[in-house]
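Q: The structure that follows is given in the form of structure tokens.
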Amino acid sequence: MVFPLISYTALVVAAIVLPGNPTLALFVIGAVTVMLLFIGIHNAWDTVTYIAIDLPQQENEGQD
């Protein structure tokens, strides 16, 4: 929950700094993009793991 907030805050700061220092701002925008990509991959991996492992176990417990 904290990493997306940090990412979006950095993106807003980069947008504010962009007119004065475009090189730094573009590096920050690139870093934020990669960070959000990794956050999304991690969340998708957690969802797939839950569906593949935990959900079938819960269904089997309900059949007993």
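Quick note: the coordinates plus some simple rules give every number you see, no bench work behind them. Keep in mind the model is a prediction, meaning the values are calculated, not measured.
Q: Output the DSSP H helices from the chain with an along-axis C-alpha extent of no less than 15 Å and a mean Kyte-Doolittle hydropathy no less than 1.0.
A: The answer, listed by residue number, is 2-17, 22-49.
Q: Still on this structure, I have one more. Find the Cα radius of gyration of the chain, compare it with 2.2 N^0.38 Å by division, and give the number to two decimals.
A: Dividing the Cα Rg of the chain by 2.2 N^0.38 Å gives 1.78.
Q: Related question: Go ahead and estimate [θ] at 222 nm for the chain from helices alone: -39,500 (n - 2.57) per DSSP H run with n ≥ 4, summed, over the residue count, rounded to 500.
A: Roughly -28000 deg cm²/dmol at 222 nm, from the helical runs in the chain.
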